[in-house]
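Colleague: Below is one structure. I have some questions about it.
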Amino acid sequence: MSTPEPRWDDPLLEDNASSALFKEAVTLASRVASSEARNRAAWLLQLRGENLHCVTASEPGGTQARGPYRVPDHPSLDQAVTSGQVVEGPSEFLIPVQMEGRVAGLLVVGEPDGLDVAARGSLMTIANIVGFAVGQAASVSDLQREAERSRRLERVKSEFLNIAAHELRSPLGIIRGYSSMLSEGMLPEAERGVALSRIADKAEEMARLISEMLETARLETDGLELELEPVDLLQVVHDAVNALGPMLGADHRFVLAVPPESIGMVVDRRRLTTMLTNLLDNAVKYSPYGGEIEIGCEHDDRLATIRVRDHGIGINAEQSHLLFTRFGRLVTPETSHIRGTGLGLYLAREIARVHGGDILVSATPGGGSTFAVELPLV
Amino acid sequence: MEDDVKVLLIEDDVAAAEMYRLRLVADGYSVVIGRDGQEGLRMAADETPDFIYLDLRLPGLDGFEVLERLRAGAATRHIPVIILTNYGEPELRERGMKLGALEFLVKADTTPAQLSESVERATSPRAQPST
């Protein structure tokens, strides 16, 4: 894990004791360095990338006047930052501020000539204290960020549980309803077959939802362990189409455009089928007025591509960044009633990625969406 | 007398709507189905149903908005409404009851037979509100 960059400009630092401490440190440094004969200004610079930015200065308005400086353009600054040693430049005395063993900035005092040894020692102590404070503040701020992140995740998880419960209740209601009517014997002969196939479809839907949730939980903890086997990719396409085909209403139709020859790959067949089933299910859900869902497949020496194209409501550009995030359902007035856990696309892309591929999307609001799965052949 | 009772189901889930319709028709009610909030409101005004089942998650207007408008309309104000949803959260239940729903039923916990009984309860002369 990389050490986080010092964030002196973090609101947490600006608004709390740290910024007061910086101010006091430069005031003290200026006082230590000054004598009756000469006033010396002090200022504190923060290293951000290869630039030094002034955090605070002892003289009024000094913060604006000092920098920013591009370190490589100033030999003495460069030397102090690179070596981590005190440098006496032509017009400044530069003391590195170290945070966790590296230079995070500089405490600078003007007009170094005539600065006595005791004053120099005190200035170095001040720089050390500032470095320590910056390190402490950064770790407090990291902890606060982490706490906020886990609070947010907790909130999202409990929202997800509500959504999941709701999604499971929909098919469960149908299963219970039809099975109660069957056991009461109140369904006419002609309706019984329909009832049984509805029950089977809804049980299948529940099984898919449950495995989607389990796969997501597994991804969180151990990552996906693939069961690789040689597979014809077209077989995967047919598996997914066959899994969802029976559940299509009269308004939707799958249209396949696949090459005649097989596309041999070594993949996790079950996972890839899940991925494609999720994409097809998504295409159906977001084409509320029906239409064709085109499934295309092509390949060259390097890459196989599966395209799922619908003519549905498309994707709202402002929300498209949520598309593949966990639990990230795009909720607009047009989509708020559409069922879904917000896991399908997330899982689909993770599956593509563990196979070394990815899913790309192109869409326009109202103009349908195309999801392209790219999988490397070697 | 049940022949005279017309039930409006405002429900976008086709499978659920068909299932409930089957049971209600078998029990002698006549059933019309509104597929979204707008259609439901229109049918509530045009079809003068005796009773309404209302889903909450609907395309366009959600169930609460529909209920508010039903209560605001002179022609629909007195039609008894039962919310039939898969949301079980107490705050939603409370909101629905405050808006004047007669009952709040969770679909997964309500068999079609129980559903049919709830119409009977709500439309039998004794259960009619006295006002």
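Colleague: Given the structure, is residue A:85 assigned by TED's automatic domain parsing to the domain that holds residue A:54, surrounded by fewer than 13 Cβ atoms within 10 Å (Cβ to Cβ) and either at pLDDT 85 or above or closer than 30 Å to residue A:341 by Cα (or both)?
Modeller: So residue A:85 passes the test.
Colleague: Looking at (1) in contact with a strand residue (DSSP E or B) (Cβ under 9 Å, 6 or more places away or on another chain); (2) part of a loop (DSSP other than H, G, I, E, B); (3) among the basic types (Lys, Arg), which is the only condition residue A:23 fails?
Modeller: So the condition that residue A:23 fails would be (2).
Colleague: While we're here: Give the residue, chosen from B:94, B:103, that is of a type outside the set (S, T, N, Q), in contact with a Ser or Thr (Cβ under 7 Å, 6 or more places away or on another chain), away from every other protein chain (no Cβ under 14 Å) and surrounded by fewer than 21 Cβ atoms within 10 Å (Cβ to Cβ).
Modeller: Sole residue among the options that is of a type outside the set (S, T, N, Q), in contact with a Ser or Thr (Cβ under 7 Å, 6 or more places away or on another chain), away from every other protein chain (no Cβ under 14 Å) and surrounded by fewer than 21 Cβ atoms within 10 Å (Cβ to Cβ): B:103.
Colleague: Scan segment A:50-78 and report the pairs whose first residue is more than 17 Å from residue A:20 (Cα to Cα) and in the same structural domain as residue A:27 (by TED's automatic domain parsing) and whose second residue is polar (S, T, N, Q) and in a helix (DSSP H, G or I), with Cβ atoms within less than 9 Å and a gap of 6+ or a chain change.
Modeller: If the second residue must be polar (S, T, N, Q) and in a helix (DSSP H, G or I), the pairs left are A:71/A:82.
So that you can scan it fast, the table gives a plain yes or no per residue for (1) out of contact with any Leu (no Cβ under 9 Å at 6 or more places or on another chain); (2) in a strand (DSSP E or B); (3) at pLDDT 90 or above; (4) more than 18 Å from residue A:372 (Cα to Cα):
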{"residue": "A:231", "(1), (2), (3), (4)": "no, yes, yes, yes"}
{"residue": "A:235", "(1), (2), (3), (4)": "yes, no, yes, no"}
{"residue": "A:250", "(1), (2), (3), (4)": "yes, no, no, yes"}
{"residue": "A:266", "(1), (2), (3), (4)": "no, yes, yes, yes"}
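Colleague: Tell me which residues, restricted to segment B:22-39, are more than 13 Å from the chain's Cα centre (by Cα) and farther than 18 Å from residue A:186 by Cβ.
Modeller: Answer for segment B:22-39, where residues must be more than 13 Å from the chain's Cα centre (by Cα) and farther than 18 Å from residue A:186 by Cβ: B:38, B:39.
Colleague: Would it be correct to say that residue B:84 is assigned to a strand (DSSP E or B) and within 13 Å of chain A (Cβ to nearest Cβ)?
Modeller: yes
Colleague: Follow-up. Condition (residue is under 17 Å from residue A:170 (Cα atoms) and crowded, with 17+ Cβ neighbours inside 10 Å) applied to segment B:63-81: is it met by at least one residue?
Modeller: Checked against the condition, which is being under 17 Å from residue A:170 (Cα atoms) and crowded, with 17+ Cβ neighbours inside 10 Å, segment B:63-81 yields at least one hit.
Colleague: To continue, here is another question. Right, residue A:97: in a helix (DSSP H, G or I) and more than 14 Å from chain B (Cβ to nearest Cβ) or not?
Modeller: Criteria not met by residue A:97.
Colleague: Provide a single number: the residues in segment B:21-64 that are at pLDDT 95 or above and within 9 Å of chain A (Cβ to nearest Cβ).
Modeller: 0
The values are calculated or read from the model by the stated rules, or taken from the named source; none is laboratory data. All figures in this text were calculated on a predicted structure; none of them were measured in a lab. Cβ coordinates were reconstructed from backbone atoms using ideal geometry, including for glycine residues, and neighbour counts include every protein chain displayed.
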